[in-house]
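Worksheet: one structure, shown below.
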Amino acid sequence: MFRQIAHNSLIQISGKVISTALGLLIVSLMTRGLGAAGFGQYVSVVAYLQFFGILVDFGLTMTLARELGRGEFASETVAGNAFSFRSLTAGGAFILAPIVAWLLPYAVEIKIAITLTSLAFWATSVQQSLVGLFQYKLATWSLTIVEILSRMLLLLGTWWLSRQQSDFQAYLYWLTIINIITLISTYLAARQLIHFRWTINKPVWHKLWQATWPITVTIILNLFYFKADTIILSWYKTAAEVGLYGAAYKVLEVLLALPAIVGGLVLPWAARAYARQDKSQIQKIYSGTFDTMLAAGLVVIIGSWLLGVPVITWLAGTDFAIAGRLVGILGLATALIFIGNATGYIIFALDQQKKMIPYYAAAALIGLAGYFIFIPSYSYWGAAWMTVVVEFFMAAVGFTVLWRQQLRPSPARWPKILLLTLLSGTILLYAWPWPIKITLAAAVYLILLKLFKLWPRGLTAKTDLEY
């Protein structure tokens, strides 16, 4: 099993490439079927419910991966309690979500959609609590299959609804059905790995809460700058403007799965190294993870600036061309999130997450102030640039916190990373059709990634990651 981390990483990334392609087709069908205004209504509902979804996350996926890695409790006990913990807390959150929505300045049809779609986000929240089991068991292939099949069903329904010229609510109801199917499928697959059952064990719940409450606080603060932009935009601007901003976000949102994949696979090993007080191994893991995220982030920046407009106009039509320019700005924020995740997972593995709370509070204040100041005057441009500012602040904070822990990324491979970025990015400058450019650039990127040894190659007998 000594090479399974790299193997599972490649499986998940391959799966994400397929699901990303399917996701882009779904966005294309929706934007063309609904138009900017209808898509804006859809985005308003999703952004609002995602706010509560992130709120109730409690960092449980990260905690589950870490606790399974530490081995303090039996894996069946940890899994069963995490499942029950998430099911009940998510249930409470998504009962509250519609109640709050009716008190906010949304149109009646959006309030109704929020009420009826809450079940979809409850299902997603519970399903996400099981992801750590697949990462711990290094069996992400089954999770990848479930995700791809779910996306295919969602695509099929979206195609049918677009042909029927359905309204935005119909798309949300189909999403609810798919999310429930995904939850059931993931649960059945997870039970094949660990025979857990619904369990409420007070000592384990206490342990989970002790580990997650600092993350809960940071997540609550994170909400005020990560999702507040779209919500505040929907209060001040038209549904069409929300739709343009949402289309840009949807294109880049699919890329955020990459740092979660890498971090989720690395976290149990970093936690185990911390439990052994093996600082040299933690340094090795951090440096390798940072380099991987840096390589990915630089390519995202170049790709979003050069291809944002052609990709968006191909997907959604010329009415969404402005969203393509927004992709270029939000690409910067996405790259910074990559770097922030590289540091964030290590900080959590070292049990240093409490130190991040004041910084998240500062980021929330900066973000909220910026959104309320700039969105009324500059609409989605103000929202996009403020997102970049806040994500830069958080990436710098994570880097600094680990620097003070005497953990510093090694610059030894950075020249290779820069060369990798320039060579793959140069292909995007040619006057070829953008699908050809993306395919060739991706091929060059992956080949050089392997040649330059910028991806974890496996494990030694002592479960050491090799970079």
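Computed from the coordinates by the stated procedures, all read-outs in this text should not be read as laboratory data. Please read all numbers here as calculations on a predicted model, not as lab measurements. Neighbour counts are summed over all protein chains in view; Cβ atoms, including those assigned to glycine, are modelled from backbone coordinates with ideal geometry.
Observations
- Order of 354, 284 - criterion: other Cβ atoms within 10 Å of each residue's Cβ, fewest first: 354, 284
- Here each label is just a point 7 Å from Cα along the line to Cβ, and for residue 197 and residue 422 those points are 6.2 nm apart.
- Full extension of the chain between residue 95 and residue 116 gives 6.5 nm of extra length, using 0.36 nm per residue less the Cα-Cα distance.
- Distance in nm between pseudo-label sites at residue 450 and residue 253 (7 Å out along the Cβ direction from Cα): 3.3
- Highest-first packing order for the peptide set 411-423, 316-328 is 316-328, 411-423, based on the mean count of other beta carbon atoms within 10 Å.
- Cβ-defined net charge surrounding residue 175, 14 Å radius [Lys, Arg +1; Asp, Glu -1]: +1
- Nitroxide proxy distance, nm - points 7 Å out along Cα→Cβ at residue 378 and residue 357: 3.3
- Counting 0.36 nm for each residue step from residue 365 to residue 238 and taking away their Cα separation leaves a gain of 43.2 nm.
- Inter-centroid distance (Cα atoms) of the range 16-33 relative to the range 241-317, Å: 19
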